[in-house]
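The values are calculated or read from the model by the stated rules, or taken from the named source; none is laboratory data. Predicted model only: the values in this text are computed from it and were never measured. Methodologically, a virtual Cβ is constructed for each residue, glycine included, from the backbone with ideal geometry; neighbour enumeration extends over all protein chains shown. The accessibility values were calculated without ligands, DNA or RNA, using every heavy atom of the protein model including side chains. Shrake-Rupley method; radii C 1.70, N 1.55, O 1.52, S 1.80 Å.
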Amino acid sequence: MVTDSVDAPRPAGPGRSAVAGLLFGRPPMARALPFFDPERAPDAPGPLFADWLAGAFAAGVLDPQVVVLSTIGADGVPDARALVLRDVDADGGAWVFAIDADSPKGRQLAEHPVAAMTLYWPAQGRQVRVRGTVEAASPAVSAAEFATRSPGARTATLVGHQSEPLPSPAAYDLAAEEVGRRLELDPAVVAPTHTVYTLRAREVEFWQGDQSRRHVRLHYSRTDAAAGGIAAAGAPGGDGAAAGWRRTLLWP
């Protein structure tokens, strides 16, 4: 959650680092931000997310489809990284992404098939948080998605070794050249570990920032059996419920 103060810049005091001075000198959300009326929000989070995403593209937000995916490591410690959102099932409340099943995040999901997804669009002061269970798609679905990727993306996936130590940049270039020749001979080749995953939301929160810190937070939580195994973390009760979702307005 974005909670930094938007007060006037404060000068760096004794003992304050240059980084702290830089941070205090650039208060977040000190600009005009969109108005969000939670009373007019739909009964389910999917359509609202689609609307916010379209609004982000229309507003010229850079890379609004980039999300931060958080998983649980083998050591029980949260792990997070940015990746690209591939699709959203607005009706089903599902967020789709694709990764290498043999990568650290793929192995983490195999052991703990739960995740959180976070998006923040600075130009609009909007944040979306999603938590739920994760399911892997069939090899056929994953192969079809792989075919839609750019040559560079397919090459990087086929090179593999994600997150392993790299001896030198030249080592990657050599491996990529070999993969390029392989793709020329067989353009339909598919990385066997490329996998499409679906994050089925148990809860979704929409956060609209405000200059005066009167942020608006609208929390959706599932009420049906398809919610998965994660307990809802929202406040008890709600101001609306439909199609298996409960809406709750949260304090900033």
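Summary of values
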| read-out | value |
| --- | --- |
| Count of residues meeting criterion [closer than 20 Å to Val204 by Cα, outside any loop (DSSP other than H, G, I, E, B) and not charged (D, E, K, R)] in the stretch 50-78 | 14 |
| Members of the stretch 19-47 that are assigned to a loop (DSSP other than H, G, I, E, B) and open to solvent by less than 70 Å² (accessible area, probe 1.4 Å) | Gly25, Pro27, Pro28, Met29, Ala30, Leu33, Pro34, Phe36, Asp37, Ala41, Pro42, Ala44 |
| Per-region count, the stretch 78-100, residues at pLDDT 95 or above and more than 15 Å from the chain's Cα centre (by Cα) | 0 |
| Output for the stretch 196-223, where each listed residue is open to solvent by 20 Å² or more (accessible area, probe 1.4 Å), among the polar types (S, T, N, Q) and part of a strand (DSSP E or B) | Thr198 |
| Some residue of the stretch 144-155 being at pLDDT 95 or above and not aliphatic (A, V, I, L, M) | no |
| Pair list, Cβ under 7 Å, 6 or more apart: the stretch 37-63 residue over 20 Å from Gly93 (Cα atoms), other residue open to solvent by 10 Å² or more (accessible area, probe 1.4 Å) and not charged (D, E, K, R) | Ala59/Ala123; Ala59/Gln124; Val61/Ala123; Val61/Gln124 |
| Filter result (in contact with a helix residue (DSSP H, G or I) (Cβ under 7 Å, 6 or more places away or on another chain) and closer than 25 Å to Leu199 by Cα) within the stretch 122-156 | Gln124, Arg126, Val128, Val134, Phe146, Arg154 |
| Residues being touching a Ser or Thr at 6+ places or on another chain (Cβ under 8 Å), of a type in the set (D, E, K, R) and farther than 30 Å from Gly60 by Cβ - total across the stretch 93-127 | 2 |
| Filter result (in a loop (DSSP other than H, G, I, E, B), open to solvent by less than 30 Å² (accessible area, probe 1.4 Å) and touching a Gly at 6+ places or on another chain (Cβ under 9 Å)) within the stretch 185-195 | Ala191 |
| Unmet requirement for Arg81, which otherwise passes all of (1) charged (D, E, K, R); (2) outside any loop (DSSP other than H, G, I, E, B); (3) open to solvent by 60 Å² or more (accessible area, probe 1.4 Å) | (3) |
